[in-house]
Amino acid sequence: MPTLAVSKAFVSTLGRAAKTFRPFSTSTNLSSPESKRVVVTGLGLVTPLGAGTKTVWSRLLNGECGVTAVQGPGYEKIPCQVAAHVPRGAEEGQFDADNFVSAADKRAMTDGMIFALAAADEALQDAKWKPESEEDSNMTGVAIGTGM
């Protein structure tokens, strides 16, 4: 049975002024200027509407829906007959895990983890960000959200 998941990654590059940035904790003052110095510079998506920001955005604007009827053996006894599957394959807008991880890694990782890696990779490419120093790497973050 396929995993039903949505992953999206936002690449956040922190500017020089954000040297005081600390991960949020219960004591973090969210209204403090120091906690707001993050810039989204790239976006990556793996969703039931497809893989890739351009594909997903186009399908959203066209009013398409990623929820479909479940089909195939193993689903006939499940009470809910609709699901939001990530489309798989090698065509435009479909997700192909082979483009992101090795066969050995696919066996060791969940689909959700692979979706997150793919979305993060797309976000980094979208940002055209290739850290050239350790400081650049330390000042770069990827925020990943997943819903199942």
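The values are calculated or read from the model by the stated rules, or taken from the named source; none is laboratory data. The model shown is predicted, which means the values in this text are computed figures rather than measured ones. Keep in mind that these areas ignore ligands, DNA and RNA; they rest on the heavy atoms of the full protein, side chains included. Shrake-Rupley method; radii C 1.70, N 1.55, O 1.52, S 1.80 Å.
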What ranking of LYS130, LYS106, LYS77 comes out by heavy-atom accessible area, probe 1.4 Å, highest first?
-> LYS77, LYS130, LYS106
Determine the equivalent ellipsoid of the stretch 46-128 by diagonalising the alpha-carbon gyration tensor, then write out the semi-axes as square roots of 5 times the eigenvalues, largest first, rounded to whole Å.
-> 24, 19, 9
CYS65 accessible area, 1.4 Å probe, all protein chains in place, Å² to nearest 10 | 90 Å²
For MET113, what accessible area in Å² do you get when you roll a 1.4 Å probe over the heavy atoms of the protein chains, rounding to the nearest 10?
-> 90 Å²
May I ask you to evaluate 6.51 cos²θ - 1.76 cosθ + 1.60, the Karplus curve with θ = phi - 60°, for each residue of the stretch 87-104 and list the ³J(HN,Hα) values in order in whole Hz, giving x for glycine and proline?
-> x, 10, x, 9, 7, 3, x, 9, 9, 10, 4, 4, 6, 10, 9, 6, 4, 5
